[in-house]
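Following: one structure in structure tokens, then a few remarks.
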Amino acid sequence: AAPAAAAPAPAAAAPAPAPAAPKPAAAPVVEGVEVTSPMSGTMYRAAAPGEPPFVKEGDRVKKGQTVCIIEAMKLMNEIEAEVAGTVVKACVENGQSVAPGQPLFIIKP
């Protein structure tokens, strides 16, 4: 009876790798220039609650245009687009904490 009990154990371990396979497909590569956070803080997509966002996906932006604000130590820091182009992806949700170097938006020149 002991060998029969041991046999199902390897069978149970075999399905474990299967959930890992879909991961690469879940991360589509978005081409463009990343606008990254220069500091740690809280990212806001609008100037104030209830205001329209500075930019949204699909918007055309000019170099130097404000794309969001990062609040750090009660100071509001405007983050500007580094290139002119179209916003193809917003990488961070409104009110989310960000770290230096973290992508905020992707702009396709």
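The values are calculated or read from the model by the stated rules, or taken from the named source; none is laboratory data. Given the structure is predicted, the values throughout are model-derived calculations rather than measurements. Cβ placement follows ideal geometry from the backbone for every residue including glycine, while neighbour counts extend to all protein chains displayed. Note: accessible area is taken over every heavy atom of the protein model, side chains too, but ligands, DNA and RNA are not part of it. Shrake-Rupley method; radii C 1.70, N 1.55, O 1.52, S 1.80 Å.
Restricting to segment 84-100, count the residues that are over 19 Å from Glu31 (Cβ atoms) and open to solvent by 50 Å² or more (accessible area, probe 1.4 Å). Don't jump to the end; show me each part of the working.
Looking only at segment 84-100, we keep the residues that are over 19 Å from Glu31 (Cβ atoms), and these are 93-100.
Retained after the next criterion (residues that are open to solvent by 50 Å² or more (accessible area, probe 1.4 Å)): 93-94, 96-97, 100.
Of the residues in that region, 5 qualify.
Select from segment 57-79 the residues that are among the charged types (D, E, K, R) and under 12 Å from Arg45 (Cα atoms) and write down the one among them that is nearest to the chain's Cα centre (by Cα). Let's see the steps before the verdict.
Residues of segment 57-79 among the charged types (D, E, K, R): 57, 59-60, 62-63, 71, 74, 78.
Okay, now just the ones that are also under 12 Å from Arg45 (Cα atoms), so 57, 71, 78.
Values: Glu57: 13, Glu71: 18, Glu78: 18 Å.
This residue is Glu57.
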Take residues that are open to solvent by less than 30 Å² (accessible area, probe 1.4 Å) and of a type in the set (A, V, I, L, M, F, W, C) and tell me which of the strands (runs of 3 or more DSSP E) falling wholly in segment 29-83 contain 2 or more. 66-72
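Being closer than 16 Å to Pro109 by Cβ and either at pLDDT below 95 or in contact with a Leu (Cβ under 7 Å, 6 or more places away or on another chain) (or both) is true for just one of Gly64, Gly32. Which residue is that?
On the way: Gly64 fails: either at pLDDT below 95 or in contact with a Leu (Cβ under 7 Å, 6 or more places away or on another chain) (or both).
After ruling out the rest, the residue left standing is Gly32.
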